[in-house]
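One structure below.
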Amino acid sequence: MDIREEFLKFFESKNHQRIASAPLVPDDASLLFNNAGMVPFKSIFTGEVPTPANPRATTCQTCLRAGGKHNDLENVGHTARHHTFFEMLGNFSFGDYFKEDAISHAWEFVTEVLKLPKEKLWVTVHESDDEAEELWQKHISKERIMRLGDKDNFWAMGDTGPCGPCSEIFYDQGEEHFNGPEDYMGGDGDRFLEIWNLVFMQYEVKVSGGERIPLAKPSIDTGMGLERVVAIKEGALSNYGSSLFMPIIRKVEELIGKEYEYATGASYRVIADHIRTSVFLLSQGINFSNEGRGYVLRRILRRAVRHGYLLGFRKPFMYKLVDTLVSIMSGEYGYLVDKAEIVKEQIELEEARFFRTIASGIELFEAELENTKDIFSGEVAFKLYDTFGFPLDLTEDMLKSHNLQLDTAKFEELMDEQRTRAKAAWKGSGDADTHGDFKELLEKFGENTFVGYEFTEHSGEVLALLDDEFKLTQTLPAGSKGWVLLDITPFYAESGGQVGDIGELEGFAKVTATKKFFGLNMSEVEVSKDLKVGTVIDSHVDVSRAEITKHHSATHLLHAVLFEVLGEHITQAGSLNEATRLRFDFSHPKAVEHAELAEIEQRVNAIIARGIDAKTEVMDIDSARESGAKAQFGEKYGDDVRVVSFDDASIELCGGVHVKNTASIGSFIITKESGVSAGVRRIEAVVGRAAYNHFCEQRMLLKQVEAEVKNLDVIAGIGRLKSTINELKTELKDAQNAAKVEIKTNDVNGVAVVVEEYPNGDIKEKIDELKNQNEKLCAMLFQVKGDKVLIAAGVKGADAKAGEWIKNIAPILGGGGGGRPDFAQAGGKDTSKLPEAKEASLEFITKALS
C-alpha cells in the first residue's frame, strides 16, 4: 500500500486541495526549517493573509527537526521513532469544518483505508474537552478514551496566537513486545505509539500569559507521521525496521561487512536517518557551511560519519548510500534523481575533509594518553567532541582498549555550558521576520499590478500606506519612513536574485527598496512631503535599473555557458544581481581552472556580441520544462510561468527584468572565482558601466606596479626583484651558517648534558638534532631575540623532566613556561640574567642526575 498516496487521495475525496510539499526552508524567518505540516499555512492560521478559495487542504510535508526549539538530533538512532528528517501527512481546515468532521475523517481513514484493528486503537483528549470525548464515543468505547492535561494535549503556536486542545490516536503494539514500566497508555514507553495528532484551533491568545479567547472560525491542523504508519502496516516494531530505512541499513551492512543487529545497531540507524536529511537538504540547494542551515547540514553529515567510524569505516562511504535512498524516495520527489550525481560529489568531498579532521583528533587523543594514569581528561574529551566531532561513545570506545576511565562529570559540565550558549545564541534563520497589516490589504485590494517589464515611469494611486512597523496609516508625514502600496507600480520587487528597484515618487518621496509581502508589491520610502492615501502620483524607477538588468541577463548567459564548459551537473545554488556586480553560485566539485574561466568569459562575450534579442513568453509550467527552460528549486512557480530566452543561447524560467538585446550588456569580466562550501563554487563578474570602471581600476593598478618595480615591462621588473630576493636569501643563509657555534657537551653520570647559548637557528630543531646524536641527553638552549630570551629544554633516556627543569630556570630571566617530560619551552624578559640562568641550569640538572 502506498500510504502517502492513499492519504492524499482520501482527503481529496473529502474536497481537500492536494498541495505539494513546501521546501524544507520555510517562508518564516523565525524557523531554520519546516518542522511541522502546518508551517507552510502559518500565515493563514494567524490571519496575516486571507483564507484561500478552498478552505480545505491536504499535504505530505517534508519536515526537519535538528535545531532550535524542536531538535530531535541527539535521540536519533537510540529510539524507535525519532528522526531528523520525516514526512508528515496532514489535513487542514481554515475556518471550515471542525472537531466532528476531523474526528470522523481520521477514524474512517485509520480503520477503513489503513484497516488498523479497532481493538488496538486508543484516543486521548484534553482534560477539559467534553465535546471531543463525546464525538469520539461515536466511534470508540469510552474505556479507550483517556483525558490528559496541557502537557500532552494542548497545542499552541507560541506564547501568543492561535492555540487549542488536541486529540491523539494511539496504536497498541502489544504487551508481548513491550512490557516495561513505562509501557502503559499515557506512559513514555513504546507499546502505545502515537500515530496522529488532531489539533483543534479554537482559541487565540493576544498577549503572553493572557486569557484564551474563542475564535469566531475555529480551524483544524492534523499531523500523522508517515514513517510510523508505514512501520505499523509492515509489522515493524521500529520505524527503522520498515521499507523506508532497511534498504539503507542493508547497504551499510554490505559496505562495512558486518551484520546489523537492532540491540547494538544505533550507528546503522543514525546513518540511515542522516543520509535522508543530507540528501534532501543538498537537493534543495542548502550547502555545507559554518553557519545557519548549512552548519546544521554539516553537523548532521559529520555525526553520521562519526558513527561510521565507530563501525569501522576509515574513508568516505555516505555518498555510496545516495542511490539507495533515491530508489526509495524518488517516486514522490523526482528532483532527487536530477540532483543525485552532484549530491554524491558534495557528500564525498565533505566526508573526505572530516575523515582528515578525525585523524587530527586521534593525534590529540594519543597525546593526552601519555599524561593519563587512570582517568582521561573530561576537558580533552569535550575538545574532541566540540572541535574534532568525536561522539563521547567513540572516545569511550578508544579508552576501553587502554583500560582507562573518563572524567564524565567534567565532560557533562562543559556540555551543559555549550548547550546554554547555543540556546542563548539561536535567533532563528537570521532573516528579518515581518508581520503587519497585510491581510486587510489583500482582502481589500488583492495583489497590485506590476508594469515594470514595459515601463520605468508610470502614474498610480496610493492604495495604502504602512508605517515602519508595517501598520496601516492614512498619512506618512514628511521626514518619516514607511511603505507604499500603489495600484500600478513600475518598481520591481526583490526576487530571484535581482535586487528591488529604487527611485522616486515625484514630489513626495524617495524609494529606497521594493519587496513583496504575500504577493503585494510594496516600496519602502523616505518621505519629503506629506504622503496620503488616495494621492495619484508619478513613479520613476532609478536609472540604476538599466545596469541591474544588464547583470541579470549576463547571469543567464553565464549559467548557460557553465553548463556547456563544465558539464551538465551544473545547477544554480544562488545568485545576486545588482547595479554594480553579479554573483552566481553553482554546484561543481572543484575550483574552476584558469583556462576554464578564460573560456567561460570568452563564450559569454561572444554571445553578447551576437546582439540577440530577448524573448519572453508566458506558458504553463509543463510546457516550459519541456522547452528545456532551467528552473531553480525552492522558487515558487504558478501554473503559468514566464520564460526568458536569448535565441539558442539561454532559456530560463524567470520573473526578472532583462535587457532587450544582449548587445546592451557590454563587456563581461570575471572578477573572482571562489569556493562557497563543499561542492559549491562562486563566480563574481561585472558588465556594462561596472565593467568599464573595473577596466579603469586595473589600468591604474598596472601604472602603480610599473612605478613600484621601476620598469614599464612589469613582468621583467618582477623577475628582477625575485632574483634580488633569492640573492639576499642566499647571503642570509651563509651568514647564519657562519654564526653557528660549536655545542659543548658535558658528561654527568653517563648522560650528555648541554647548557649553551645558541645565537641563530631553530633551537627546537637543534635539540632534536642533539637527541639523535646521543643515547642519553639533557639539553637546555638559550637564544636572545631583541630584548627577550627564548628557552628550550629536551630530555632523552635520563631520569629528569624537561618541564620541571625549565620551570625552575625561566623565572630567573623574568619569564615562565613548561611542557612535556621530554620537551619544554619558555621565554624570558631579562637578557642581563642570562649568565646566571645558565649557571643555575647546569647546577639543577647536575643535581637531578646525581
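Observations
- Building the convex hull from the alpha-carbon atoms of region 581-725 and averaging its projection over directions returns 11.9 nm².
- By the rule of a C-alpha distance below 18 Å, with chain neighbours fewer than 8 residues away ignored, the lysines paired with K847 are K776, K796, K801, K807, K838.
- Between E804 and D407, the contour length at 0.36 nm per residue exceeds the Cα-Cα span by 140.3 nm.
- Accessible carbon and sulfur surface of the chain relative to its total accessible area, %, 1.4 Å: 47
- The tail of the calculated P(r) for region 503-580 beyond 20 Å holds 53 percent of all Cα-Cα pairs.
- Helix-derived mean residue ellipticity, 222 nm - over the chain, DSSP H n ≥ 4, -39500 (n - 2.57), to 500: -11500 deg cm²/dmol
- For region 264-375, the average shadow cast by the Cα convex hull is 8.5 nm², which is a quarter of the hull's surface.
- Pair D101, N290: separation of 7 Å Cα→Cβ label points (nm): 5.3
- Theoretical FRET efficiency, 1/(1+(r/R0)^6), r = Cβ-Cβ of E254 and K590, R0 22 Å, to 0.05: 0.15
- Sparse-neighbourhood loop sites, trypsin sites (Lys or Arg not before Pro) in region 310-350 - DSSP loop, at most 15 other Cβ within 10 angstrom: R314
- Solvent-accessible ranking of T449, T124, largest area first, probe 1.4 Å: T449, T124
- The chain has equivalent-ellipsoid semi-axes of 57, 44, 26 Å, by the square roots of 5 times the alpha carbon gyration tensor eigenvalues, sorted largest first.
- Computed label-point distance, nm, for sites R299 and E454 using a 7 Å Cα→Cβ extension: 5.2
- A convex hull fitted to the Cα coordinates of region 669-735 yields 138 cubic angstrom per residue.
- The length gained on full extension between D150 and Q17, counted as 0.36 nm times the residue separation minus their Cα-Cα distance, comes to 44.7 nm.
- The lysines within cross-link reach of K590, meaning a Cα-to-Cα straight distance under 22 Å and a gap of 8 or more places when in the same chain, are K315, K320, K339, K344, K672.
- Cα-derived Rg over Rh, computed across region 73-183 with Rh taken as Kirkwood radius: 0.97
- Solvent-free Debye scattering, log10 I(q)/I(0), computed from the Cα coordinates of region 461-553 at q = 0.21 Å⁻¹: -0.97
- Cubic angstrom per residue, convex hull over Cα atoms of region 113-270: 156
- Percent RCO, i.e. relative contact order, over region 296-365, from Cα pairs under 8 Å lying at least 6 residues apart: 41
- Scattering profile of region 172-229 at q = 0.30 Å⁻¹ [log10 I(q)/I(0), Debye over alpha-carbon scatterers]: -1.13
- The spread of Cα positions in region 550-595, taken along each principal axis and listed from longest to shortest, comes to 29, 21, 16 Å.
- On the beta carbon distance between L392 and R820, with R0 = 30 Å, the FRET formula returns roughly 0.70.
- Inverse mean reciprocal Cα-Cα distance (Kirkwood Rh) of region 195-325, Å: 17.5
- Applying D = kT/(6 pi eta Rh) to region 710-812, where Rh is the Kirkwood radius over alpha-carbon pairs, T corresponds to 4 °C and eta to 1.567 mPa s, the Stokes-Einstein value obtained is 79 µm²/s.
- Solvent-accessible ranking of W136, W155, largest area first, probe 1.4 Å: W155, W136
- With all pairs of separate Cα atoms included, region 1-122 yields a Kirkwood hydrodynamic radius of 15.9 Å.
- Straight Cα distances below 23 angstrom link K9 to the lysines K99, K115, K118, K233, with same-chain residues fewer than 8 positions distant left out.
- Where labels lie 7 Å past Cα in the beta-carbon direction, separation of Q773 and E6 in nm: 8.4
- Accessible area per residue in Å² at 1.4 Å probe, computed on the chain: 48
- Kyte-Doolittle mean at least -0.5, axial Cα span of 18 Å or more - DSSP H helices of the chain: 266-283, 292-311, 335-369, 544-566, 594-609, 688-709, 714-739, 834-849
The values are calculated or read from the model by the stated rules, or taken from the named source; none is laboratory data. Predicted model only: the values in this text are computed from it and were never measured. With ideal geometry, Cβ positions are generated from the backbone for all residues, glycine too; neighbour counts draw on all protein chains shown. In case anyone asks, the SASA skips ligands and DNA or RNA and just uses the protein heavy atoms, side chains included. Shrake-Rupley method; radii C 1.70, N 1.55, O 1.52, S 1.80 Å.
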